[in-house]
Amino acid sequence: MSRNRHDTADTPGQDSFLDILANITGILIILVMVMGVRAGRAPVDVGQIVSAEEEGELRRVLAAEASLRNEVLELAAEAARLEQAALAKGQQRHLLAAAKIEIEEELAARRARLDADRQAAFDLRRKLAEAEGNLAALERQRAAAETARPETVVIESYPTPISRTVHGEEEHFQLRDGTVMRVPMNQLVEQLEREVRRKRNELLERTDYTGMVGPIDGFRMRYTLRRHDVGHETDFGVAHVGTVVQLQRAEFLPVAGYPGEPVEAALRPASDFRKTLGKLRPGRTTVTLWTYPGEFDAFRRLRQELYHLGFAVAARPLPEGTPISGSPGGTRSAAQ
């Protein structure tokens, strides 16, 4: 509250008294604080504060605390020992695992060696069995050779191999791919003669002419004709006498897909080959066998049968791919 000037003048020592009072109060507060700090730092006399029963309870608590502290220390020591034992067990476990791996590798190596030994033993037993089988077969062959009678060797005689040119009747057959086929050469030539007569005027106008006749019994004949003018020498020069058409070359070609008769079947009694031979005259007809490579065994078999039937046989070997052919300048068959 504010005071007027009149009151201040009447009480000149009041402010000094208030300042002294404030200072004393501050000192007292400081002393109380100092005493409190000293009382907190001073040792406590339990006997003065607590009773005897409380002191005994406190000692029991302190003893239990000390006992628990000792047990904790013992448990810590036991934990340390267990940890050391666990580390030792782990090292031992690692050593045992390494030893196990080493033992397994050794067992695998021994098993591989054992398998190799077993395989080698099996191979030896198999070779031994094969050798024993071969030995037994040889023993059987030896015993059979000792007890067998000598086979009789039959020597077949054929006509003296002196060939002669064929001038009489002649029948032709082709041996190819294991079959025998009759080549109707005479019938194809007769058909060619009729063809020439029919085309006479056309042939006289051309120098060369190539044509085809057939097929007959699985064969065609491809022919080439050539025209020749015939002249006569006179005192006035060469006089034209006439024109001649001559055969230059003839090829006998098998028709594709026409079957031949297997040689084995041809030798049977009712075969087409034997039926054809039945129409011929033995002793007066020569059978010519046109033979390709690889058919000489069949040729020998047919020749043997033809000899037994009384036919002369002529052989005409041909290179593979060469057709049966003939020309005015060619050679005639030679029979034995």
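The values are calculated or read from the model by the stated rules, or taken from the named source; none is laboratory data. From a predicted model like this one, the values you see are computed outputs, not experimental measurements. Quick reminder, even Gly has a Cβ in these numbers, built from the backbone with ideal geometry, and neighbours come from all protein chains shown.
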Review point. So is I216 touching a helix residue (DSSP H, G or I) at 6+ places or on another chain (Cβ under 6 Å) and either under 26 Å from A312 (Cβ atoms) or at pLDDT 90 or above (or both) or not?
Key: yes
Point to revise | Single residue of region 117-166 satisfying the filter (loosely packed, with under 10 Cβ neighbours inside 10 Å, polar (S, T, N, Q) and within 30 Å of H308 (Cβ to Cβ)) that is modelled with the lowest pLDDT | key: T160
Review point. If L204 satisfies every condition in (1) modelled with pLDDT of 90 or more; (2) among the hydrophobic types (A, V, I, L, M, F, W, C); (3) over 55 Å from the mean Cα position of the chain (by Cα) but one, which is the exception?
Key: (1)
Study note, to complete from the structure: Going through (1) in contact (Cβ under 8 Å) with a residue 40 or more places away in the chain; (2) farther than 13 Å from H172 by Cα one by one, S271 fails only at (1)
Review point. In region 167-201, which residue that is loosely packed, with under 13 Cβ neighbours inside 10 Å and more than 26 Å from A256 (Cβ to Cβ) is modelled with the highest pLDDT?
Key: E193
Practice item. Could you tell me whether region 277-285 includes any residue that is under 25 Å from S327 (Cα atoms) and in contact with a helix residue (DSSP H, G or I) (Cβ under 6 Å, 6 or more places away or on another chain)? Key: no
